[in-house]
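These notes concern the structure reproduced below.
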Amino acid sequence: MIKRYAKKVELETKIHPHVFRHYFELRLLREKKVDLVTVSNILGHFDVNTTKIYLQPSLKDISDALEKI
C-alpha cells in the first residue's frame with residue numbers, strides 16, 4: 001500500500017514503513033521536544049542508545065547550522 005501511494009505522488013526515493021517510523025521519532029525528539037527516554041519507550045527500544053542513533057545530525061542540519069554562522 002505504501003509503495004502504491006509513493007508512486008501516486010511520484011516519490012523517487014525508496015519508501016517503506018521504517019521511513020515513517022524514523023520521521024515520527026525525529027519529530028518527537030526535535031520538534032515536539034519529547035525526552036529521549038519517553039521516545040525510546042514509545043518505540044519499544046530496549047536500549048536508549050538505539051534511539052540516540054536518530055539524533056545524529058543530517059547533512060541538512062549541519063548545513064543549516066553553518067548558514068547561521
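Under the condition of being of a type outside the set (Asp, Glu) and assigned to a loop (DSSP other than H, G, I, E, B), which residue from the range 25-36 is most open to solvent (accessible area, probe 1.4 Å)? Step through it out loud before you land on a result.
Start the filter on the range 25-36 by keeping residues that are of a type outside the set (Asp, Glu), which leaves 26-30, 32-34, 36.
After this cut, where a residue has to be assigned to a loop (DSSP other than H, G, I, E, B) as well, the list is 32-34.
Numbers: Lys32: 123, Lys33: 151, Val34: 40 Å².
It comes out as Lys33.
From the residues in the range 37-57 that are of a type outside the set (Val, Ile, Thr), under 21 Å from Val19 (Cβ atoms) and surrounded by 10 or more Cβ atoms within 10 Å (Cβ to Cβ), which one is farthest from the chain's Cα centre (by Cα)? I'd like the intermediate steps shown before the answer.
At the first step, the residues of the range 37-57 found to be of a type outside the set (Val, Ile, Thr) are 40-41, 43-47, 49, 52, 54-57.
Narrowing further to those that are under 21 Å from Val19 (Cβ atoms): 40, 43-45, 52, 54-57.
If we keep only those that are surrounded by 10 or more Cβ atoms within 10 Å (Cβ to Cβ) too, we end up with 40, 43, 45, 52, 54-55, 57.
Numbers: Ser40: 13, Leu43: 12, His45: 15, Lys52: 11, Tyr54: 6, Leu55: 8, Pro57: 11 Å.
Checked the range 37-57; the qualifying residue farthest from the chain's Cα centre (by Cα) is His45.
Does at least one position in the range 7-24 carry a residue that is more than 13 Å from the chain's Cα centre (by Cα), of a type outside the set (Ser, Thr, Tyr) and assigned to a helix (DSSP H, G or I)?
Checked the range 7-24: at least one residue is more than 13 Å from the chain's Cα centre (by Cα), of a type outside the set (Ser, Thr, Tyr) and assigned to a helix (DSSP H, G or I).
The values are calculated or read from the model by the stated rules, or taken from the named source; none is laboratory data. Fair warning: this is a prediction, and the values are worked out from it, not measured in the lab. As a convention, Cβ positions derive from the backbone with ideal geometry for all residues, glycine included, and neighbour counts pool all protein chains shown. Accessible surface is based on the protein model in full, side chains and every heavy atom, while ligands, DNA and RNA are left aside. Shrake-Rupley method; radii C 1.70, N 1.55, O 1.52, S 1.80 Å.
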